[in-house]
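What follows is a short report on a single structure.
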Amino acid sequence: MICRYWRGLVRSESQDAYIEHLRAHTFPQLSRIPGFQGASLMKRQFATGVEFVVQTRWESRDAIVAFAGEDAEAAVVPEEARRLMVEYDRRARHYEIVV
């Protein structure tokens, strides 16, 4: 199994809107992709905004490519989400889940 790790910094006043975007759009879309195994969302407060870390779990690289495209490490950030961001990773990282 593979963990896809990505982070973004959201404006403090937009954190609820970002969570709602993930719940209403992103996570339901991911659940329809064969090989998607689940997701975790973590956050922490900074003076400049709220940092979110999104970790998704995938059966294989092929499943990630079905989501992200051939450049599997490219971040997938819809315009609606980008408008809420101060900054975000342009590249995701992938880790093999060991335990």
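Quick note: the coordinates plus some simple rules give every number you see, no bench work behind them. All of these numbers come straight from a predicted model, not from anything done at the bench. Note that we place each Cβ from the backbone using ideal geometry, even for glycine, and neighbour counts take in every protein chain shown.
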Per the list (1) surrounded by fewer than 16 Cβ atoms within 10 Å (Cβ to Cβ); (2) in contact (Cβ under 8 Å) with a residue 24 or more places away in the chain; (3) outside any helix (DSSP H, G or I); (4) not basic (K, R), residue check on H25 breaks on (3)
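Just to verify a result, which residue in segment 46-99, among those that are of a type in the set (G, A, S) and outside any helix (DSSP H, G or I), is surrounded by the most Cβ atoms within 10 Å (Cβ to Cβ)?
The initial filter retains those residues of segment 46-99 that are of a type in the set (G, A, S), namely 47, 49, 60, 63, 66, 68-69, 72, 74-75, 81, 92.
Then drop every residue that is not outside any helix (DSSP H, G or I), which leaves 47, 49, 60, 69, 72, 74-75, 92.
Working: A47: 5, G49: 19, S60: 12, G69: 10, A72: 19, A74: 12, A75: 15, A92: 21.
Among those residues, the one meeting the criterion is A92.
When you scan segment 30-39, do you find a residue that is in a helix (DSSP H, G or I) and out of contact with any Phe, Trp or Tyr (no Cβ under 7 Å at 6 or more places or on another chain), even just one? Talk me through it step by step, then tell me what you get.
Within segment 30-39, the first condition is being in a helix (DSSP H, G or I), and the residues that meet it are 30-31.
Imposing the further condition that a residue be out of contact with any Phe, Trp or Tyr (no Cβ under 7 Å at 6 or more places or on another chain) reduces the set to 31.
Within segment 30-39, one or more residues are in a helix (DSSP H, G or I) and out of contact with any Phe, Trp or Tyr (no Cβ under 7 Å at 6 or more places or on another chain).
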What single numbered condition from (1) under 16 Å from E79 (Cβ atoms); (2) exposed (fewer than 11 other Cβ atoms within 10 Å of the Cβ) fails to hold for V10? (2)
